[in-house]
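The values are calculated or read from the model by the stated rules, or taken from the named source; none is laboratory data. The structure presented is a predicted model; accordingly, all values stated were derived computationally and were not measured. Note: ideal-geometry Cβ built from the backbone for every residue, glycine included; neighbour counts use all protein chains shown. Just so you know, the surface numbers come from the protein's heavy atoms only, side chains and all, with ligands and any DNA or RNA stripped out. Shrake-Rupley method; radii C 1.70, N 1.55, O 1.52, S 1.80 Å.
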Amino acid sequence: MALTGVEIFKLLPKTNCKKCGFPTCLAFAMKLAQRQASLDACPDVSEEAKQKLGEASAPPVRPVTLGIGEKAVKMGEETVLFRHDKKFVNPCVFALAIRDTLGDDEIKNRVDAVLQSEIDRVGQKLRVDALALIHESNDPVRFGSVAGKVAGMAPEVPVILCTSDPQAAEAAGKIYSDKKPVICGANSGNLEAMATIAKTNKTTLGVTAKGLEDLAALTERTKALGIEDMVMDSGARTAKEILEHNTLIRRAAIKKNYKPLGYPIITFACRDDSLIDALIAGVGVAKYSSIVVLNSIEHWKNLALFTLRQNIYTDPQVPMQVEQKVYKIGEPTAESPLLITTNFSLTYFIVSGEVENSRVPTYLAVMDCEGVSVLTAWAAGKFTASKIAQFIKDSGADSMVSHRELIIPGYVAILSGALEDKLDGWKVTVGPREANGIPAFMKTRMS
Ligand code: SF4
């Protein structure tokens, strides 16, 4: 069970040296108890205390890694129920199902779809992260052979090997033994055999149960067999069950520090209807699934799910921002227009996208306003005439163009007079209020 703040305090050095960033050892202990600080922050804690506090300060959802290399994904490590309390740590993994009954062409199409799924959204690379090989053929040899084919086509993509047949698990597990897959399908009937295969091949074990009591009993038995890295399938398949099971699991892990349910959750959306598949997956993303297995992927579906995941796993307390500098869009020359905006990621990506749409090579000066949008920055005194004028000089924007015209966002038209006073010899032009007006605005200027 979790230690209280006072119990933790008794194990700390009690020197109030402040090296941990807190004014007293007691304040630090309270934060540790709330899992809002890490024990590593105290450099003077004794080895004995570390050992005692280790388990108590470990994240209530065990961290587990799927795959190796650049495409490896971390799961678990979560410490809160709600993202407004603290950032959710490791975004849920999307995996595309590949059934071993499919023909070679369809298997290849599915692998290719995953390999080509990556997109760039507000500066982050987002993709379908993994493949879930599903043993449907009842033939262990076929399952092993499909695993071999997939490993050859996409050696770097993490996999989940879904089978409850130990022979099939062994055949496919061997192929991925150095690649940290999940073997998912251990249950109360096959646990010993599956645990042996997982240990031999150093894989994570996915345990599959019928309900939460069964699941907790199964993870405890698995742990007793020497397996630490697990993912859990509670058997939930409908949206209602997924919502209920996942919420109860997360609450038990976070609020009660209930270790038997403190592992990442795998959810099988797996519906033939692509829209239902996406909707069920959305429930998993929103409610604590660490892996969501999809029956199909398509561009529209990826965009919706990536956006949902990105929103949920973005820290709401830290604005997303891009680097302050003058960005070149296209191949601008000294005569090209010079626009300015703030460094809120969404603002930057929308404005730069619309400038690209206009096909007019442009300099886009992006000013650090602590990651807030134009109007908010102006209202907070971060995007003022004197600060903009200073930035135009400091950033070197004035030496990139031979003209002396700065185009400002329409929302801060009010700044134009003051800005012309601060930027001696410059003309300030008021651009459109909304970014989607930029292409027409640029074309009108060109003509
Ligand atoms: Fe106490 Fe350690 Fe923090 Fe110093 S660094 S105040 S000893 S908890």
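Points worth noting:
- Only one of the listed residues (Val89, Val61, Val80, Val45) is more than 26 Å from Ala172 (Cβ to Cβ) and open to solvent by 50 Å² or more (accessible area, probe 1.4 Å). That residue is Val89.
- Residues in segment 30-40 that are within 11 Å of the ligand (Cβ to nearest atom) and not in a helix (DSSP H, G or I): 1 in all.
- Note on segment 216-239: residues that are assigned to a helix (DSSP H, G or I) and buried (at least 16 other Cβ atoms within 10 Å of the Cβ) amount to 6.
- All positions within segment 28-45 that are in contact with a helix residue (DSSP H, G or I) (Cβ under 8 Å, 6 or more places away or on another chain) and modelled with pLDDT of 85 or more: Phe28, Ala29, Met30, Leu39, Ala41, Cys42, Val45
- Pairs linking a residue in segment 227-249 that is without any contact (Cβ under 8 Å) to a residue 60 or more places away in the chain and more than 16 Å from Ser290 (Cβ to Cβ) to a residue that is in a helix (DSSP H, G or I) and open to solvent by less than 10 Å² (accessible area, probe 1.4 Å), with Cβ atoms under 7 Å and 6 or more positions apart or on different chains, are Ile227/Ala195; Ile227/Ala198.
- Of residues in segment 71-109 being in contact with a strand residue (DSSP E or B) (Cβ under 6 Å, 6 or more places away or on another chain) and without any contact (Cβ under 8 Å) to a residue 40 or more places away in the chain, the one farthest from Pro158 (Cα to Cα): Arg99
- Single match in Gly410, Gly381, Gly437 (criterion: at positive phi, out of contact with any His (no Cβ under 9 Å at 6 or more places or on another chain) and either outside the structural domain of Ile329 (by TED's automatic domain parsing) or open to solvent by less than 60 Å² (accessible area, probe 1.4 Å) (or both)): Gly381
- Segment 20-31, residues that are over 31 Å from the mean Cα position of the chain (by Cα) and either touching a residue at least 60 places away in the same chain (Cβ under 8 Å) or closer than 13 Å to Asp44 by Cα (or both): Cys25
- For segment 359-379, filtered to residues that are of a type outside the set (S, T, N, Q) and in a strand (DSSP E or B), the residue that is farthest from the chain's Cα centre (by Cα) is Tyr363.
- When restricted to residues that are surrounded by fewer than 19 Cβ atoms within 10 Å (Cβ to Cβ), in a helix (DSSP H, G or I) and in contact with a strand residue (DSSP E or B) (Cβ under 8 Å, 6 or more places away or on another chain), segment 112-140 contains 1.
- The criterion of being in a loop (DSSP other than H, G, I, E, B) and within 12 Å of the ligand (Cβ to nearest atom) does not hold for Ala27.
- Selection count where residues are open to solvent by 70 Å² or more (accessible area, probe 1.4 Å), within 10 Å of the ligand (Cβ to nearest atom) and under 19 Å from Gln51 (Cβ atoms), scope segment 2-21: 1
Residues are listed down the side, and each one gets a yes or a no for (1) crowded, with 16+ Cβ neighbours inside 10 Å; (2) part of a loop (DSSP other than H, G, I, E, B); (3) in contact (Cβ under 8 Å) with a residue 12 or more places away in the chain:
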position: Ser399; (1), (2), (3): no, no, no
position: His403; (1), (2), (3): no, yes, yes
position: Gly417; (1), (2), (3): no, no, no
position: Pro432; (1), (2), (3): yes, yes, yes
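- Strands (runs of 3 or more DSSP E) wholly inside segment 263-358 that include at least 2 residues being open to solvent by 10 Å² or more (accessible area, probe 1.4 Å), free of Cβ contacts under 8 Å to residues at least 24 places away in the same chain and within 27 Å of Ser402 (Cα to Cα): none
- Test: residue in segment 51-67 that is over 21 Å from Ile312 (Cα atoms) and modelled with pLDDT of 85 or more: yes
- Test result for Thr208, more than 23 Å from Met153 (Cβ to Cβ) and either aromatic (Phe, Trp, Tyr) or under 26 Å from the mean Cα position of the chain (by Cα) (or both): yes
- In segment 146-191, the residues that are more than 27 Å from the chain's Cα centre (by Cα), surrounded by fewer than 19 Cβ atoms within 10 Å (Cβ to Cβ) and touching a residue at least 40 places away in the same chain (Cβ under 8 Å): Lys149, Ser164
- In segment 41-70, the residues that are more than 16 Å from the ligand (Cβ to nearest atom) and among the hydrophobic types (A, V, I, L, M, F, W, C) form Cβ pairs under 6 Å with partners that are at pLDDT 90 or above and open to solvent by 20 Å² or more (accessible area, probe 1.4 Å), at six or more places apart or across chains, as follows: Val64/Asp229; Leu66/Val73; Ile68/Lys179; Ile68/Lys180.
- Identity of the residue in segment 193-215, assigned to a helix (DSSP H, G or I) and in contact with a strand residue (DSSP E or B) (Cβ under 9 Å, 6 or more places away or on another chain), that ends up surrounded by the most Cβ atoms within 10 Å (Cβ to Cβ): Met194
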